[in-house]
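K.L.:
Before we start, here is the structure in question, set down as C-alpha cells.
Read the figures in this text as sums done on the coordinates, not as results from a lab. Every value quoted in this text rests on a predicted model; they were computed, and no experiment measured them. All Cβ positions, even for glycine, are placed from backbone atoms using ideal geometry, and neighbour counts span all protein chains on display.
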Amino acid sequence: MAPPTPKHYDAFLSYNSRDRAAVTELADRLKKNGLEVYLESWELAAGQEFQQSLAQGLLESKTCVVFLGPNGLGPWQKQELQVAIDRRLSDKAFHVIPVLLPGVERPRRGDVAHLEFLLNASWVEFLRTLDDDRAFRSLVWGITGKKPTEPESIPYAGVCPYRGLEAFGPDDAKFFFGREALTEWLISDLRREIRSDQGARFLGVLGPSGSGKSSVVMAGLIAKLKAGAIESSERWPIAILRPGVDPLENLAVQVSTGLPTEKGMPDVSQVRQLIDELQQDERALDRFTRLSMHDMAVDSRLVIVVDQFEEVFTHRPLGDQARSRFDQARAWFFANLLYAAAAPSGRVVVVLTMRSDFLGACATYPQLSSVLSAHQELVGPMTNVELRAAIEQPSFLVGCEVEPALTERLLADVEGRPGALPLLQFALTEVWKQRDTRRLTLRSYERLGGVEGALEHRANEIFGALQPEDQELCRRIFLRLVEIGEGIENTRRRASYNELLPVDPSKSDAISRLINRLSDRDACLITVNATNANDVTVEVVHEALIRSWTKLRQ
C-alpha cells in the first residue's frame, strides 16, 4: 500500500490556546477564501502525538502566522516560533507573519530586538475588531503573496516619483516605500503612550544624517495618522515646525494656525500673546491647547512635530545678549513641550526628529535627556528588501520600470554606506529625467557617475554654467549656509534672506537672481522658505550636499 500523500497548507496558525476563539474565527474566514490552514484543533486526532504533529504541520506549510493576543505567547507557541524561525533561515520562500489580535498592543521594539522577523516584517493588526476588512486583506496578501487590487495602484503618469535631496512629506506618502515596518512601530509607540496616559506622549525619532528620519515621520507616521491609524487620528490637528532661529515664535505660529479659534485664523496679536506666555510659564502650551480644543472630541490630540530638532543646538547667534536671549527661549521651548506632553489628560503629542550625534548635547538638559532616553526610536539602515521597494515601487506607480541591472547596481553601491539615502534618491531622480521611454536604465546611471557622482556632476554643472562673478557670489552664499561642526559633522545653517545680501546694494539684484536659480525646480541645491514677505530664509537643501560636493567641502 502506497504511503499517503503529504498534505500541504497555505499557513500554519500559531497561537496561545487562550486566544483560540479569535483565531478559529479568522481560520474560518481564511478557509472560506479558499486557503488551506493548519489549525491544531482541526488537524489532531485523538491519540496523536502532539509535538510531532505540530512540527510536521509546520514543515508542510508555506507560511507561519504567529498570533499575539491579550494572553501573550503560549508555551507551545514559543516552540513553534523557534521551529518557524529555524526553517526561515534555511528557506527564504518561507514567511513568518506576525498578527496582532484586538485588545493588545505590539511589544516595544527594543523588547523583541532579538527576533529580527518581528522588527522587519510588516505586521497585520486587528486593533479594534476582527471584522477589519483591510487587516484581513493584508493577512491574505501575506499568506498568498498576491496583492489585492486597490484604487491606489493607478499610475501617476508623468510625475517624478523620487524626491531628490528633499525629504518626503505627507503628500508624498503614495511614493514612499521601504519604511513600512518602521512606520508601524512608530504608530504602535504613540498609540501605547496615548492609551496609557502615563509618562509622556512623546516620541523622538533619531538617526544619522541621511538616514531618512524626516521622511519616515512625515510620509510615514503623519500620513498614517491622517489616514486614521490611531482611532479618530484622521481628525487630529497637526502642527509641523522646525526650531529655526526663533523656536518659540515658530511653535506659537504653527500651533495657533493648526488649532481652531473662535475668530478663525489667529491674528498677529494672538500669536504674540502666546509667545509672551510661552516664555513666562511652562504650562502655557498645555493651557492654550486645552482651551482651543475644548469643543473637540475628548480623544482628539494635537500632534506637534518638531523636525530637525538639532537646530536648537546648531543656531549660534552673534553677541552675548543675542546668545543669552536664544538660550532662554530654548529653555522655555523645551519646558513647554515636555510639560504639555506629560500633563495628565493632556491633549498634546510631541514627535521630534533629530540627528543622533546631537544626543549628547541634550545631556545638559536633564528632563529632556530623560524623556528622550525613554521615548525614542532609532532609524537604522534599510534592508536590501526595503531598498529594493524604495527603488522600484515608485517607478511602477508612474508607469515606468527600473532595469533589473540598475536595481542590483544601486543596491551594491549603497551597501554599507551610512547616510546614502538622499544620494540614492537624487541619483534616481536624475536617472528618471534621462529615462528611456518608460525604462530607467543602468546606462544612464553610469553616465551620471553613479550614486555619489550624480550629485557631484549636477552641482558642478550648475556651478559651471554661472558667470565668474556669479560663481564668487555662489561661493559666499554657500559658506554662509554651512555651520562648521565642532567634533561632529558639519550641518546646514538657515540664514535670513537679508543676511545674504551684499554690502554693495548694486549687487542685490544679482544675489536675488542667483538664489532663484539655485532654488528652482531644475537645480534645487538650496531651498527658500517664506513665512511672510519680511521673514524669508535660505538653506542648503540637504547635508548630503555638504558631504558629497567636493567643491563645497574645499
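K.L.:
If you line up the long axis of helix 247-258 against the longest principal axis of the chain, both from Cα atoms, how many degrees apart are they, to the nearest 10?
P.N.:
That helix lies at roughly 60 degrees to the long axis.
K.L.:
If I fit a long axis through the Cα atoms of helix 508-519 and take the longest principal axis of the Cα atoms of the chain, what angle between them do I get, 0 to 90°, rounded to 10?
P.N.:
Result, in degrees: 10.
K.L.:
Next question. Using only alpha carbons, build the gyration tensor for segment 466-553 and give me the equivalent ellipsoid semi-axes, biggest first, whole Å.
P.N.:
Working: eigenvalues 85, 48, 34 Å².
The equivalent ellipsoid of segment 466-553 has semi-axes of 21, 16, 13 Å.
K.L.:
Something else about it: Out of the DSSP beta bridges found with both residues in the chain, what percent are antiparallel (nearest 5)?
P.N.:
Bridges in the chain that DSSP calls antiparallel: roughly 25 percent.
K.L.:
Taking the dipole about the Cα centre of the chain, with the C-beta of Lys and Arg at +1 and of Asp and Glu at -1, give me whichever of PRO237, LEU518, GLY204 is farthest to the positive side.
P.N.:
The one lying farthest along the dipole's positive direction is LEU518.
K.L.:
OK, next. Going by how many other Cβ atoms sit within 10 Å of their own, how do ASP436, ASP286, ASP509 line up, fewest first? Let's see the in-between values first.
P.N.:
Working: ASP436 13, ASP286 20, ASP509 9.
Fewest to most other Cβ atoms nearby, the residues stand as ASP509, ASP436, ASP286.
K.L.:
At 7 Å along the Cα-to-beta-carbon direction for both HIS457 and ASP267, put a label point, then send me their distance in nm to one decimal.
P.N.:
That separation, rounded to one decimal, is 5.6 nm.
K.L.:
Based on other C-beta atoms within 10 Å, arrange ARG242, ARG323, ARG163 from fewest to most. Walk me through the intermediate numbers first.
P.N.:
Numbers: ARG242 20, ARG323 13, ARG163 23.
Listing ARG242, ARG323, ARG163 from fewest to most nearby Cβ atoms yields ARG323, ARG242, ARG163.
K.L.:
Tabulate in residue order the Karplus-calculated ³J(HN,Hα) for segment 302-317, using 6.51 cos²θ - 1.76 cosθ + 1.60 with θ = phi - 60°, rounded to whole Hz; enter x for Gly and Pro.
P.N.:
9, 9, 9, 9, 9, 7, 6, 4, 4, 4, 5, 9, 7, 6, 10, x
K.L.:
Could you tell me the calculated FRET efficiency between LEU479 and LEU359, based on Cβ-Cβ distance and R0 = 35 angstrom, to the nearest 0.05? Intermediate values should be presented prior to the final figure.
P.N.:
Working: r = 28 Å, r/R0 = 0.80.
Given R0 = 35 Å and the Cβ-Cβ separation, E is 0.80.
K.L.:
To the nearest 20 debye, what charge dipole does the chain have about its Cα centre, counting +1 at the Cβ of each Lys and Arg and -1 at the Cβ of each Asp and Glu? List each step's numbers first, then the result.
P.N.:
Details: 66 positive and 76 negative charges, 64 e Å.
Rounded to the nearest 20 debye, it is 300 debye.
K.L.:
Need the full-extension length gain, SER122 to ARG134, defined as separation in residues times 0.36 nm minus the C-alpha distance. One decimal, nm. The partial results should precede the final answer.
P.N.:
Details: separation 12, 0.36 × 12 = 4.32 nm, distance 1.38 nm.
That pair, SER122 and ARG134, stretches by 2.9 nm at full extension.
K.L.:
Please give me, ordered by residue number, the trypsin sites (Lys or Arg not before Pro) of segment 493-522 that lie in loop per DSSP and have at most 15 other Cβ atoms within 10 Å. Don't skip to the end; give the middle numbers.
P.N.:
On the way: sites: ARG493, ARG494, LYS507, ARG513, ARG517, ARG521; in loops: ARG493, ARG494, ARG521.
Those that pass, being in a loop and sparsely packed, are ARG521.
K.L.:
Arrange the following residues from fewest to most other Cβ atoms within 10 Å of their Cβ: LYS174, LYS31.
P.N.:
Working: LYS174 17, LYS31 14.
If I rank by nearby Cβ atoms, fewest first, I get LYS31, LYS174.
K.L.:
Once semi-axes √(5λ) of the Cα gyration tensor in Å is worked out from the coordinates, which option in (i) 42, 29, 23; (ii) 46, 27, 24; (iii) 46, 31, 19 does it equal?
P.N.:
Calculated semi-axes √(5λ) of the Cα gyration tensor in Å: the matching label is (iii).
K.L.:
Mind checking the angle between helix 75-90 and the chain's longest principal axis? C-alpha axes, 0 to 90 degrees, to the nearest 10.
P.N.:
70 degrees
K.L.:
Helix-derived [θ] at 222 nm for the chain: sum -39500 (n - 2.57) over DSSP H runs of at least 4, divide by residue count, nearest 500? It would help to have the intermediate numbers written out before the result.
P.N.:
Details: 24 runs with 248 residues, N = 554.
Using -39500 (n - 2.57) per qualifying helix, the result is -13500 deg cm²/dmol.
K.L.:
Positive end of the charge dipole of the chain (Lys, Arg +1 and Asp, Glu -1 on Cβ, about the Cα centre): tell me which of THR129, ALA420, TYR9 has its Cα farthest that way.
P.N.:
TYR9
K.L.:
Per-residue HN-Hα couplings for segment 12-26, Karplus 6.51 cos²θ - 1.76 cosθ + 1.60 at θ = phi - 60°, whole Hz, x for Gly and Pro?
P.N.:
9, 9, 9, 7, 7, 4, 6, 9, 4, 4, 5, 5, 4, 4, 5
K.L.:
Once label points are set 7 Å from the Cα along Cα→Cβ at both ARG443 and LYS146, what is their separation, rounded to one decimal in nm?
P.N.:
The two pseudo-label positions are separated by 3.7 nm.
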